[in-house]
1. Amide H of B:Arg81: which non-local residues (sequence gap of 5 or more, or other chain) have their own amide H closer than 5 Å, using H built in the peptide plane?
2. Could you calculate the FRET efficiency of B:Leu175 with B:Val105 from 1/(1 + (r/R0)^6), where r is the beta carbon distance between them and R0 is 22 Å, rounded to 0.05?
3. Dipole magnitude of the stretch B:130-249 about its Cα centre, charges +1 at Lys/Arg Cβ and -1 at Asp/Glu Cβ only, in debye to the nearest 20?
4. Across peptide B:97-108, what mean number of C-beta atoms from other chains lies inside 10 Å of a residue's C-beta?
5. If you average 1/r across every pair of different Cα atoms in the stretch B:1-156 and take the reciprocal, what Kirkwood value do you get, in Å?
6. Work out the length of the dipole vector of chain A about its Cα centre, built from +1 on the beta-carbon of each Lys and Arg and -1 on the beta-carbon of each Asp and Glu, and round it to the nearest 20 debye.
7. Starting from a Cα-only point model with no solvent, please compute log10 I(q)/I(0) by Debye for the stretch B:266-325 at q = 0.15, 0.16, 0.20 1/Å.
8. Among A:Ile47, A:Gln59, A:Leu31, whose Cα sits farthest toward the positive end of the charge dipole of the stretch A:1-63 (+1 at Cβ of Lys/Arg, -1 at Cβ of Asp/Glu, about the Cα centre)?
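Derivation of every value follows stated rules applied to the coordinates shown; laboratory data play no part. Predicted, not measured: the structure shown is a model, and the values here were computed from it. FYI the Cβ positions are ideal-geometry reconstructions off the backbone, even for glycines, and counts take in every protein chain you see.
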Amino acid sequence: MNPLKKYEPQLRELKFTIYLIRRSPLTLLGLCILLALILVAVFANSISPYDPNFIDTAQRLRPPSLTHLLGTDTLGRDLLSRIIHGARISLLVGLVIVGLAATVGSVLGLIAGYFGGKVGEGIMRTTDIFLAFPYLILAMAVTAALGPSLMNAMLAMAVVWWPMYTRLMYSEVIVIKKMLFVEAARSIGVRKGRLLFRHILPNSLSAVLIQGTLDFGAAIMYSAALSFIGLGAQPPTPEWGSIISDSRHYLMFAWWYPTFPGLAIFIAILGTNLLGDGLRDVLDPRMRRLVE
Amino acid sequence: MKLVYYILRRFFFLFFIMIGVTLVIFLVSRIVPGDPALLMAGEGASLQDIENLRHQWGLDRPLHIQYLTYLKNLLRGDFGRSIFTARPVLYDLKEYFPATFELTVFSLLLATLFGIFSGVVSANHKDKGIDHATRIFSLLGLSMPIFWLGLLLLLVIHYHFGLLFAGGRLSANLLAPKSITGLYTIDSLLTGNWGVFKDSFLHLILPSICLAMSVVGRISRMTRSSILNVIHENYVRTAKSKGLPHRLISRRYVLRNALLPIITLIGVMFGRLLSGAVITEIIFSWPGLGRYAVEATMSHDFVPLMGFSFLIAFLYGIVNLIVDILYSVFDPRVELG
């Protein structure tokens with residue numbers, strides 16, 4: 001027997017998903033932007049024309065030219081190289097924040113939704129408390145307490161963000177656990193752990209995936225905002241938000257200084273927004289079959 | 001009666017949330033690495049000085065006692081004193097609050113008006129050029145980091161074209177109007193001081209546009225999809241078949257029902273505006289709460305930040321409470337529970 005035969009339904013679904021993504025040019029554009037960012041981040045060392053931290057005070061605040069395509073900053077460092085290396089940091093930041101928040105949040109949501117009772121109630125009321133703060137405010141407080149650094153900013157954002165995923169997972173699980181296939185699995189004696197992780201979790205994962213994609217851009221934006229305030233990445237780290245923060249005092253003489261790193265953030269967020277919106281239409285089982 | 005019961009219940013709920021909020025803020029303030037007493041004493045302080053300070057601030061007592069003291073003080077309106085300026089934080093918060101309030105409310109007004117207007121236009125011309133244009137515009141607004149937008153606005157509109165004012169709430173040569181509401185634009189109008197009104201208004205526009213951009217797209221998209229949902233309802237069809245004029249249908253039948261979800265959205269958006277206000281205030285040197293909190297934080301003074309976080313969470317809670325009550329008043333189908 002062909003070993004792939006077993007996975008034929010999954011393969012068919014995957015093919016259908018790819019077909020749906022290819023039908024939507026905006027989703028494709030979002031995907032391309034993200035892929036390009038990943039490539040830039042991976043090959044940052046080979047494609048950046050200069051060392052991002054190479055200081056050349058003779059060349060300070062030069063406008064874009066052929067030697068420095070996007071100009072230089074106040075210490076004569078090449079902006080293009082700094083932005084390219086910034087892609088590394090921003091992608092990592094997005095991954096860590098969303099990864100941490102989604103993992104912790106989803107597991108807690110799964111527990112709260114499936115078991116309910118006092119534990120579930122406790123978890124959900126805790127999310128209420130965390131969601132009572134606007135995002136940036138609590139993140140600011142946590143980062144300020146831990147001490148300003150990129151690491152702490154990421155940690156703070158994860159602390160702020162997990163309740164979103166707990167709520168999302170909770171609302172998915174309480175619907176799914178009442179569905180017939182779960183009932184059927186339970187009645188033939190499937191154990192709790194298997195029920196949770198093989199039957200309920202995979203069926204609620206697409207919602208988390210969509211939210212995660214949309215949040216990826218937001219995570220980059222908020223951590224850049226923390227760096228802009230001065231609570232995130234510290235100089236000389238070539239983080240996009242902190243480059244913009246440095247540029248504030250030279251706004252009048254160097255238009256390129258805040259413009260290009262900001263453009264990089266903007267493009268990254270635009271990409272994840274496009275991809276996230278597209279994935280929502282593609283992965284949502286209710287919307288999925290409508291296009292046929 | 002049911003409504004009164006509902007409001008009371010919501011207040012009760014908010015009270016417990018706020019208790020939780022104080023607990024979070026307290027715990028966060030206690031994970032500060034390094035001893036707050038050491039910070040307060042400054043360099044060159046003797047061990048005895050530090051010990052005295054620790055005792056004076058109650059830092060040598062058990063954590064739960066410290067929390068209860070903090071809570072008791074908070075209930076009396078005592079937010080503590082800034083470590084550096086020794087000013088009571090409550091005074092500072094009172095002083096900076098009106099500026100933030102003026103900025104966020106004006107932005108919310110701007111975003112709501114423009115968002116609903118463009119949403120209506122978009123829905124009326126579905127899949128036409130103007131619909132695509134507003135879609136692109138709202139996507140751009142959603143993807144633009146607020147600190148970047150603020151700097152670009154400064155760069156282009158203020159520095160390049162020399163339009164509007166940027167930096168602070170009022171030009172240096174003008175005196176603030178007599179404080180009635182604390183909002184310069186309103187106060188100057190109330191006292192009939194036209195020059196101050198014009199000046200403060202011109203200062204307000206740029207930061208407000210910057211702040212409003214982060215939420216206007218979402219309001220616009222929501223209005224559009226909400227209208228497109230309502231248009232297919234039976235009562236709209238009935239109204240059309242009765243031969244009611246188009247204007248009447250779109251105002252009384254469609255818009256009135258379509259705007260209900262927008263009320264809820266505005267509550268959520270208010271939280272985003274409060275976050276964004278911190279950054280906007282820094283860029284435009286707006287003397288508000290956010291800037292105050294950040295400046296205190298930068299000098300390792302976390303007492304103002306604690307008070308600020310509490311106040312913001314409280315405001316956010318109250319606004320969402322009002323939003324929920326409004327929603328249930330406007331939509332009689334909502335079950336109060």
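1. B:Val89
2. That gives a FRET efficiency of 0.45.
3. About 520 debye.
4. 0
5. Result for the stretch B:1-156 stands at 21.1 Å.
6. Dipole magnitude for chain A comes out near 1220 debye.
7. -0.47, -0.53, -0.76
8. A:Leu31
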